[in-house]
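Chemist: The structure under discussion is supplied below as structure tokens; questions concerning it will follow.
The values are calculated or read from the model by the stated rules, or taken from the named source; none is laboratory data. As the structure is a prediction and not an experimental result, all values here were calculated from the model. As a convention, Cβ positions derive from the backbone with ideal geometry for all residues, glycine included, and neighbour counts pool all protein chains shown.
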Amino acid sequence: MTSDNHQLKILMLISSPFQYWCALEYLHQMGRRVSITVVNAATFCENSMLQIEAMHKIAKPESVKLLSIPKEGSLASRIGAYSDLISVFAKGAFSTVLIGDLRQLWMQDIACNINADNVVLVDDGAATNVFEKFIIRPSDYMLPVSMHSDNPERKLLAWELKSSLGISHNPTKFRLFSIFEFNDSKHSIRNTLSLLRQQFALHDHNENVERHFIGSPVCEKGLLDSKRYYDILTHAAKSHDAKTSLIYFAHRAEDIKSKAQILSDLGYTIEFHDQPYELACASQGRMPEKVVGLHSTSLFNMKILSGNACEAICYMLNENELAAMGTRHYGSDRFTLRDHIESIYDRFEEFGITTLNLQ
């Protein structure tokens, strides 16, 4: 980021470690010197906060503001939690606002109320696919956009509250920065993970042969029962070479204590990291022989990081499981959890990801 002596002012609005990393990928790919202000709303998750704190060492932001928005409570309390930030940021001029999640309406409100040359939505994992199809494309890449089609009374009340606090609804065009390619090349930019690949190249490569299982909080979220998840773990453990180290990378939202004994019995070594999985691998020079999991963004990222040298394998959900998800919304009433998962499956062939159906 050193092609110009002038520092561009960047505002990052994030609520997860991966959003933060993708924002840094965007800046690295643009190749400019920047002054970064981060608004971090991941305060609801201790593990996310630890990972984001560790990533500050790479980003070196000029300023970090913590934002806690109550998950429950009145609209006034939720909107009031960030309305003052809009007043503060409106006084400055930012080159770019990077937002991490359209479902976080506070991000949309800030982006639509400050003076910025560019607004860019960065990947928040493979969910970008379903957002692009059902939310982004129909809105013609314009903010603000509603994630819900119902409850017009609540929407009207929200607009009135925001107006009373000086929050405007200025139509704002944005672009999408993603590891996935979309048809609208005018408004989408391909994320090549150039910063992640640079991190990997800087470190001595670990010669140990490893197979990684990407942990998932599917049991904690009620998407799969424990037996089904353990059957998948067992199958993955039995199919690996005895000379290969079998590593289970715990997800930050998992209750790993309830799984620790069975993982140990199956031969897994459990690892926790203060970085997203891909960054942990890159910073340690680790490239697994195989990376295995459910519908994880990490499968795509490791294919990119390895230049397709790493085999990525996804255990597929069966039809009964997908059918049950066909009635569950996923952060929006415009699509279902099944739509989300199948939009990920649709990308597997393009990235060379192998699928396994364990009934």
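Chemist: Could you go through the range 322-336 and let me know if any residue there is touching a helix residue (DSSP H, G or I) at 6+ places or on another chain (Cβ under 8 Å), part of a loop (DSSP other than H, G, I, E, B), touching a residue at least 12 places away in the same chain (Cβ under 8 Å) and surrounded by fewer than 17 Cβ atoms within 10 Å (Cβ to Cβ). Please lay out each step first, then the result.
Modeler: Here is the first cut: in the range 322-336, the residues touching a helix residue (DSSP H, G or I) at 6+ places or on another chain (Cβ under 8 Å) are 322-323, 325-326, 328-330, 332, 334-336.
This time we only want the ones that are part of a loop (DSSP other than H, G, I, E, B), so: 326, 328, 330, 332, 334-335.
From what is left, the residues that are touching a residue at least 12 places away in the same chain (Cβ under 8 Å) are 326, 330, 332, 334-335.
Filter again for surrounded by fewer than 17 Cβ atoms within 10 Å (Cβ to Cβ), leaving 326.
Yes; the residues of the range 322-336 include at least one that is touching a helix residue (DSSP H, G or I) at 6+ places or on another chain (Cβ under 8 Å), part of a loop (DSSP other than H, G, I, E, B), touching a residue at least 12 places away in the same chain (Cβ under 8 Å) and surrounded by fewer than 17 Cβ atoms within 10 Å (Cβ to Cβ).
Chemist: List every residue pair whose Cβ atoms sit under 7 Å apart, with the two residues 6 or more apart in sequence or on different chains, where the first one lies in the range 261-281 and is of a type in the set (D, E, K, R) and the second, anywhere, is part of a loop (DSSP other than H, G, I, E, B).
Modeler: What qualifies is E271/A250.
Chemist: Scan the range 37-54 residue by residue and report those that are buried (at least 22 other Cβ atoms within 10 Å of the Cβ), under 22 Å from L193 (Cβ atoms) and aliphatic (A, V, I, L, M).
Modeler: If the condition is that a residue be buried (at least 22 other Cβ atoms within 10 Å of the Cβ), under 22 Å from L193 (Cβ atoms) and aliphatic (A, V, I, L, M), then V38, A42, I52 are the ones that fit.
Chemist: How about the range 10-35: which of its residues are modelled with pLDDT under 95, not in a helix (DSSP H, G or I) and not hydroxyl-bearing (S, T, Y)?
Modeler: Passing the criteria: G31, R32, R33, V34.
Chemist: Here's a follow-up. Whether any residue in the range 301-313 is modelled with pLDDT of 95 or more, among the hydroxyl-bearing types (S, T, Y) and either on the phi < 0 side of the Ramachandran plot or not in a helix (DSSP H, G or I) (or both) is what I want to check.
Modeler: no
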